[in-house]
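Structure first, then comments.
The values are calculated or read from the model by the stated rules, or taken from the named source; none is laboratory data. As the structure is a prediction and not an experimental result, all values here were calculated from the model. Every residue, glycine among them, receives a Cβ derived from its backbone with ideal geometry; neighbour counts consider all protein chains shown. For the accessible areas, the whole protein counts, side chains as well, though only heavy atoms, and no ligand, DNA or RNA atoms are used. Shrake-Rupley method; radii C 1.70, N 1.55, O 1.52, S 1.80 Å.
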Amino acid sequence: SEAGVPLAATTYYFKDIDDLLSESFRYWMQSKDVHFDAYSERLQKVLPAYLNPQLDPQKQSELASEIRDATVDYVVHQAQLHDDRIIELAFKHEALGSEGLRELVVDQDRRFVNDVYTMVEAIGSDSPENDAEITLSLILRLEQQAVISGLDESKIRRVITRHLQHLLEVEID
């Protein structure tokens, strides 16, 4: 009723509430893919230079700072999309009781992990699968905390810097 759509229209287009939720999630995610893609593209510009074996420590630190800055910018941007984060959390909550939606959420999470896996593998992680899970979990947690409790950019920067220092084994200014 909030959408101004007669109930009969929903039952005409969707076989049940699970189908409606699943299709809504698909539609919503298609409009959101561009944000993660832009982050990935930004990293792809930095990673080849970072992997140069003759890279001096100062340049390596500078490039690590660029990786950190791209990650911080991504998290801050995602947190600024307050309504999107709330919708995302609502879909994930609904997925607990909806088999079709759960499969879509799991597939989407797997895709994000694969994207992060590519990045951590490229920077030379000796355990890219685990590091991808940790990195993505950290990103999602920071996004949620920024929305829920107003986590500020300086805290996000400190946490990501610390994580990347461990992951990259380099000092980051």
Run lengths n ≥ 4 of DSSP H only: what is the helix-derived mean residue ellipticity at 222 nm for the chain, with -39500 (n - 2.57) per run over all residues, to the nearest 500? -28000 deg cm²/dmol
Cross-link partners of Lys155 among aspartates and glutamates (Cα-Cα below 15 Å; sequence separation of 8 or more within a chain): Asp69, Asp73, Glu143, Asp173
Cα gyration tensor of the stretch 104-173, axes a ≥ b ≥ c as square roots of the eigenvalues: rounded (a/c below 1.5), prolate (a/b > b/c) or oblate? oblate
Just to be sure I follow the definition: excluding the sites themselves, where is the longest run in the chain that has none of the GluC sites (Glu not before Pro) in a DSSP loop with at most 15 other Cβ atoms within 10 Å? 3-168
Please report, in Å, the Rg and the Dmax of the stretch 55-126, where both are computed over Cα atoms only. 16.6, 52
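Under a Cβ-only charge scheme (Lys and Arg +1, Asp and Glu -1), can you give me the dipole magnitude of the chain about the Cα centre, in debye to the nearest 20?
Computed about the Cα centre, the dipole is about 260 debye.
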What aspartates and glutamates does Lys32 reach when the alpha-carbon gap must be under 14 Å and sequence neighbours fewer than 8 apart in one chain are set aside? Asp83, Asp84, Glu88, Asp109
Could you work out the relative contact order of the chain? I mean the mean sequence separation of Cα pairs under 8 Å and 6+ apart, divided by the number of residues, in percent. 29
Spread of Cα-to-Cα distances over 10 Å intervals beginning at zero, given as percent, for the stretch 1-117: 11, 32, 27, 16, 9, 4, 1
Taking square-rooted eigenvalues a ≥ b ≥ c of the alpha carbon gyration tensor, is the stretch 20-77 rounded, prolate or oblate, where a/c under 1.5 means rounded and, failing that, a/b exceeding b/c means prolate? prolate
May I ask you to rank Ser98, Ser149 by accessible area, largest first, using a 1.4 Å probe over the protein chains only? Ser149, Ser98
Cα to Cα, under 12 Å, and not fewer than 8 places away if on the same chain: which aspartates and glutamates meet these conditions relative to Lys45? Glu66
Roughly how many Å² is the accessible area per residue of the stretch 73-144, as a whole number, for a 1.4 Å probe? 53
Taking the simple approach of a point 7 Å from Cα along Cα-to-Cβ for both Asp37 and Ile86, what is their distance in nm? 2.7
Simple spin-label estimate for Asp126/Ala8, 7 Å along Cα→Cβ, in nm, reads 6.8
Over the stretch 100-165, relative contact order from alpha-carbon pairs under 8 Å, at least 6 apart, %: 21
On a C-alpha basis, how far is the centre of the stretch 1-68 from the centre of the stretch 120-144 in Å? Whole number, if you could? 15
Not counting ligands, DNA or RNA, and with a 1.4 Å probe, what is Asp152's accessible surface area in Å² rounded to the nearest 10? 80
